[in-house]
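Novice: The structure follows.
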Amino acid sequence: MRLQFVGCGDALGSGGRYNTCFHVTGRNVNFLIDCGASSLPALKRLGIARDDIDLILITHFHGDHFAGLPFLLLDAQFTRRTRPLVIAGPEGIETRLKQLMEALFENSSKTKQRFDLSVVALNPLETRSFDATKVTPFPVVHGESGGPFLAYRVEAEGRVIAYSADTEWTETLIPLGRDADLFVAEAYYYDRIVKNHLSLKTLEAHLPEIRPKRLVLTHMSDDMLGRLDTLAYTAASDGMVVEL
Ligand SMILES: [Zn+2]
Ligand SMILES: [Zn+2]
């Protein structure tokens, strides 16, 4: 199994990085985690076949994680996709997706897809299986608007991938990432403590409890991007592949 960072940027375009979108593929799985506004061009740039993607997991309704969906759905119409697609995310996703599609492409939410499209709401701590992909959402803390906020622990092909999503420190990140083969964690700032986002120093203090087998930092601000050469951790970059 492999995870490719299609985009690992924040909402502000820091470092010229694409918005959040990770592509996970294996023998039996092909899914995205998040689909930020810039995801379609980012997927095309990497030559990723969108029609092979079976599942898109959305962590929350901020544009840098969610706003790529209308473009992807439009693209699927033009490529005459036939393969079913599941989009799963926090409660309210069906309404949010309709609103987003109408805002970006009027009447597009009323267009009947040529393929089976299921939009599925996920509840915190309720594990759901989508074919060979087992998904457990964990509640995280990321402010007042754009939620509910979910982090995901995903099991497939004998491996565990955990993604913190956007969040300030919360104890749920411990079971989320514990012993994961890959823990992708937000590190927005280096040591600045702010509401709604995670700093590397805070995350670092908890790593002995989380014990991920591999850690990759993502969703970094300019503050963090300016320090990449001095970090003791692996930081994501657009296009980077992690083999699992
Ligand atoms: Zn974000
Ligand atoms: Zn966010």
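Novice: Counting just the residues of the stretch 130-144 that are out of contact with any helix residue (DSSP H, G or I) (no Cβ under 9 Å at 6 or more places or on another chain), open to solvent by less than 50 Å² (accessible area, probe 1.4 Å) and β-branched (Val, Ile, Thr), which one comes out nearest to Ser199 (Cα to Cα)?
Specialist: Val135
Novice: Does Gly147 count as surrounded by fewer than 24 Cβ atoms within 10 Å (Cβ to Cβ), at pLDDT 95 or above and under 18 Å from the mean Cα position of the chain (by Cα)?
Specialist: Yes, satisfied.
Novice: If you scan the stretch 70-122, which residues turn out to be in a loop (DSSP other than H, G, I, E, B) and open to solvent by less than 60 Å² (accessible area, probe 1.4 Å)?
Specialist: Thr79, Arg81, Gly92, Gln113, Phe115
Conditions (1) assigned to a helix (DSSP H, G or I); (2) open to solvent by 30 Å² or more (accessible area, probe 1.4 Å); (3) in contact (Cβ under 8 Å) with a residue 12 or more places away in the chain; (4) not charged (D, E, K, R), marked per residue:
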position	(1), (2), (3), (4)
Leu217	no, no, yes, yes
Met220	no, no, yes, yes
Asp223	yes, yes, yes, no
Asp238	no, yes, yes, no
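Novice: Another question, if that's okay. For the stretch 1-44, what are the residues that are free of Cβ contacts under 8 Å to residues at least 12 places away in the same chain and either of a type in the set (D, E, K, R) or part of a strand (DSSP E or B) (or both)?
Specialist: Lys44
Novice: Then there's this: Taking the condition of being in contact (Cβ under 8 Å) with a residue 40 or more places away in the chain, at negative phi and open to solvent by less than 30 Å² (accessible area, probe 1.4 Å), how many residues in the stretch 150-175 meet it?
Specialist: 9
Novice: Just for the stretch 43-68: of the residues that are away from ligand 1 (no atom under 15 Å from the Cβ) and in contact with a strand residue (DSSP E or B) (Cβ under 8 Å, 6 or more places away or on another chain), which one is nearest to Gly7 (Cα to Cα)?
Specialist: Applying the filter and picking the extreme gives Leu43.
Novice: In the stretch 165-189, what count of residues is obtained for those that are within 11 Å of ligand 2 (Cβ to nearest atom) and either among the aliphatic types (A, V, I, L, M) or under 16 Å from Leu57 (Cα atoms) (or both)?
Specialist: Residues in the stretch 165-189 being within 11 Å of ligand 2 (Cβ to nearest atom) and either among the aliphatic types (A, V, I, L, M) or under 16 Å from Leu57 (Cα atoms) (or both): 2 in total.
The values are calculated or read from the model by the stated rules, or taken from the named source; none is laboratory data. For clarity, every value in this text was computed on a predicted model and none was experimentally measured. All Cβ positions, even for glycine, are placed from backbone atoms using ideal geometry, and neighbour counts span all protein chains on display. Areas reflect the complete protein model, heavy atoms only, side chains present, ligands, DNA and RNA absent. Shrake-Rupley method; radii C 1.70, N 1.55, O 1.52, S 1.80 Å.
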